[in-house]
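Novice: One structure, as structure tokens, below. Some questions next.
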Amino acid sequence: MKHFNVNHRRYALPLFLPDATLGVIRGLSSKQVEELGIEGVVINTYHLLDRPGMKVLDKAGGIKSFMNWPGLTASDSGGFQLFSLIQQNPKLGRITDEGVVLYSGEKQQRKTLFTPAKSIQVQFAINSDIMICLDDFSPIKSSKKRLEQSVERTIDWAKQCKKEFDKQCEKRKLTKSDRPLLFAVVQGHQDKKLRKYCAEELIKIGFDGYGLGGWPFLENGNFDYDIAQYTAKITPNGQYRFALGIGTPANIVRLRKMGYDLFDCVLPTRDARHQRLYVFNKNPEEIDFEKDQDWYQHLYIDRGVYTQDFSSISEFCDCPACSEHTKAYLNHLFKVKDGLAYQLASLHNLRFYAQLMEQLQQQT
């Protein structure tokens with residue numbers, strides 16, 4: 001079983017980190033999440049800079065104290081969110097070599113600059129265990145020149161992030177054993193030469209781990225396992241690999257075989273809110289992930305077939321939804337749009353992911 005240590009705590013790998021963008025997994029308390037066997041969460045640097053802000057986080061002692069979370073926290077730099085925001089509405093900002101220029105609204109009355117150094121400063125205010133360098137997300141459909149620009153910026157920003165990171169560690173007198181980990185992101189979209197160049201330059205700078213950057217899907221909508229495999233190949237085996245924004249249970253199993261250690265995704269809680277639940281087809285302790293194909297399925301709890309189904313959601317799950325309620329009751333809760341429906345469904349899906357991690361930790 002592979003482990004990693006951060007801030008004097010040991011974690012088994014692989015590890016799945018559910019989305020807690022604003023310091024909360026939607027509708028759940030930190031204690032509920034912890035009791036499911038979830039050991040870490042991902043929060044978003046840019047969104048927390050906006051709300052509640054650095055002053056509040058500093059005064060609270062960081063995000064863990066603020067949300068009463070005892071486990072691991074990884075802070076996403078916010079690069080992808082900023083790229084998406086600007087792509088949807090260019091009047092709200094632009095990406096420059098200095099960083100991301102943001103406007104207060106479409107009239108562009110107030111301008112702020114979100115730099116690589118600022119990103120690291122905010123992450124230290126957040127007091128996360130894993131910090132991620134600000135990167136220039138490689139556009140899906142772009143010219144060769146824009147793709148090269150994305151990679152060069154990502155490398156340059158990573159240098160600035162590392163410089164600020166070292167400065168903050170020195171300022172706080174943090175040793176190697178009690179400092180957070182710093183990860184850089186490998187960009188280049190589907191251009192393997194650019195990805196290789198990006199990885200090589202980042203490795204020269206020196207980081208604790210490397211993230212799989214860019215859009216992970218092909219034009220036909222299928223997952224790009226080839227690029228995921230290639231990115232794993234060009235990053236060091238002795239350091240951690242973070243499959244950023246990934247993924248489905250099937251994605252996680254395949255990328256774990258490639259050498260990825262950390263995963264984060266909105267899917268389990270988002271699917272839960274849309275009545276889509278994950279269910280093991282047999283006892284997870286008996287699943288051979290090397291051989292078994294159809295080891296889980298999706299259960300759409302809003303369907304009429306479950307109106308009078310008084311069995312539990314899954315016989316292999318011990319979450320509150322499965323141990324205390326029936327499919328019929330959860331079906332009813334969704335129909336009447338009660339908040340308990342979303343809570344129970346989220347608890348179930350997160351417990352499914354926690355069980356998956358437990359089995360992968362044992363088998364790899």
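The values are calculated or read from the model by the stated rules, or taken from the named source; none is laboratory data. Keep in mind the model is a prediction, meaning the values are calculated, not measured. So basically every Cβ, Gly included, is an ideal-geometry build from the backbone, and we count neighbours across all protein chains shown.
Every residue, every condition in (1) in contact with a Leu (Cβ under 9 Å, 6 or more places away or on another chain); (2) assigned by TED's automatic domain parsing to the domain that holds I246; (3) not in a loop (DSSP other than H, G, I, E, B), yes or no:
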{"position": "D288", "(1), (2), (3)": "no, no, no"}
{"position": "Q293", "(1), (2), (3)": "no, no, no"}
{"position": "H298", "(1), (2), (3)": "yes, no, yes"}
{"position": "F310", "(1), (2), (3)": "no, no, no"}
{"position": "I313", "(1), (2), (3)": "yes, no, no"}
{"position": "C317", "(1), (2), (3)": "no, no, no"}
{"position": "N331", "(1), (2), (3)": "no, no, yes"}
{"position": "F334", "(1), (2), (3)": "no, no, yes"}
{"position": "L340", "(1), (2), (3)": "yes, no, yes"}
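Novice: Next question. Within the range 103-196, considering only strands (runs of 3 or more DSSP E) that don't extend past its boundaries, which have at least 2 residues that are within 28 Å of L57 (Cβ to Cβ) and within 18 Å of the chain's Cα centre (by Cα)?
Specialist: Ranges flagged: 130-132, 181-186.
Novice: Exactly one of (1) touching a Gly at 6+ places or on another chain (Cβ under 9 Å); (2) free of Cβ contacts under 8 Å to residues at least 40 places away in the same chain; (3) not basic (K, R) is unmet by C322. Its number?
Specialist: Failed condition: (1).
Novice: Name the single residue, out of those in the range 40-70 being touching a residue at least 60 places away in the same chain (Cβ under 8 Å) and part of a loop (DSSP other than H, G, I, E, B), that is nearest to Q361 (Cα to Cα).
Specialist: If we take residues in the range 40-70 being touching a residue at least 60 places away in the same chain (Cβ under 8 Å) and part of a loop (DSSP other than H, G, I, E, B), then G62 is nearest to Q361 (Cα to Cα).
Novice: Any residue at all in the range 305-317 that's hydroxyl-bearing (S, T, Y), more than 30 Å from F207 (Cβ to Cβ) and free of Cβ contacts under 8 Å to residues at least 24 places away in the same chain?
Specialist: yes
Novice: Kindly indicate whether L13 is in the same structural domain as G238 (by TED's automatic domain parsing), buried (at least 19 other Cβ atoms within 10 Å of the Cβ) and either more than 30 Å from G93 (Cα to Cα) or of a type in the set (A, V, I, L, M) (or both).
Specialist: Answer is no for this residue.
One line per residue, one yes/no per condition, for (1) of a type outside the set (S, T, N, Q); (2) out of contact with any Leu (no Cβ under 8 Å at 6 or more places or on another chain); (3) within 30 Å of Y342 (Cβ to Cβ):
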| site | (1), (2), (3) |
| --- | --- |
| R10 | yes, yes, no |
| P14 | yes, no, yes |
| E35 | yes, yes, yes |
| K59 | yes, yes, no |
| P70 | yes, yes, yes |
| N89 | no, yes, yes |
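Novice: Which pairs turn up if I take residues in the range 145-172 that are farther than 14 Å from G188 by Cα and look for partners that are outside any helix (DSSP H, G or I) and among the β-branched types (V, I, T) with beta carbon separation below 8 Å, at least 6 apart in sequence or on another chain?
Specialist: Listed by first residue and then by second, the contacts come to A158/V185; Q160/T115.
Novice: Quick check on the range 216-250: of everything there that is among the hydrophobic types (A, V, I, L, M, F, W, C) and part of a loop (DSSP other than H, G, I, E, B), which residue is surrounded by the most Cβ atoms within 10 Å (Cβ to Cβ)?
Specialist: L244
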